[in-house]
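Visitor: Below: one structure in structure tokens.
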Amino acid sequence: MNADLKKIRGENMDLLRWQHGGNNRLQDALHDSLLPNYVSDWALRKRSLSDSTARLIEKKLGRPSNWFDRDNLKLLNLSQEDYDTVLLLLSSSPEEKAAVRTLLPKHCLLGDVRRDGAPQLRVVKV
């Protein structure tokens with residue numbers, strides 16, 4: 001596993017711990033399928049979270065597939081304008097979402113961060 005994925009999965013595990021009120025409550029939500037100290041080790045990046053375990057946790061907690069592999073913390077720092085855009089997109093029909101996808105080049109990546117901490121699109125030549 002590369003270092004970036006290990007970091008992102010650790011941050012997402014820490015986010016889950018925060019959302020559930022700590023290791024013990026997260027463990028309860030997982031129905032004791034994992035050892036409590038593993039949850040802490042993953043969040044602190046002392047231990048790598050395997051693909052199969054990530055998918056198991058996502059399924060047990062009702063998260064979308066590959067939730068652990070995306071940078072969820074970045075979304076917490078959206079500017080108001082970007083947040084409103086995301087809400088608008090979420091309330092759009094499948095046809096409207098498809099139309100928006102045609103407007104954005106496939107080589108646009110969400111990666112750069114503005115001074116206000118919000119992510120922004122950057123164009124990368126491939």
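The values are calculated or read from the model by the stated rules, or taken from the named source; none is laboratory data. For clarity, every value in this text was computed on a predicted model and none was experimentally measured. Cβ placement follows ideal geometry from the backbone for every residue including glycine, while neighbour counts extend to all protein chains displayed.
Visitor: With under 11 Å from the mean Cα position of the chain (by Cα) and either modelled with pLDDT of 90 or more or surrounded by fewer than 16 Cβ atoms within 10 Å (Cβ to Cβ) (or both) as the only criterion, which of LEU44, LEU75, LEU35 stands out? Before the answer, list the steps.
Guide: Values: LEU44 fails: under 11 Å from the mean Cα position of the chain (by Cα); LEU35 fails: under 11 Å from the mean Cα position of the chain (by Cα).
Testing whether each residue is under 11 Å from the mean Cα position of the chain (by Cα) and either modelled with pLDDT of 90 or more or surrounded by fewer than 16 Cβ atoms within 10 Å (Cβ to Cβ) (or both) leaves just LEU75.
Visitor: Would you tally the residues in segment 99-111 being of a type in the set (Gly, Ala, Ser) and either modelled with pLDDT under 75 or within 22 Å of the chain's Cα centre (by Cα) (or both)?
Guide: 1
Visitor: Would a scan of segment 5-27 turn up a residue that is closer than 30 Å to LEU90 by Cβ, at pLDDT below 90, surrounded by 16 or more Cβ atoms within 10 Å (Cβ to Cβ) and small (Gly, Ala, Ser)?
Guide: no
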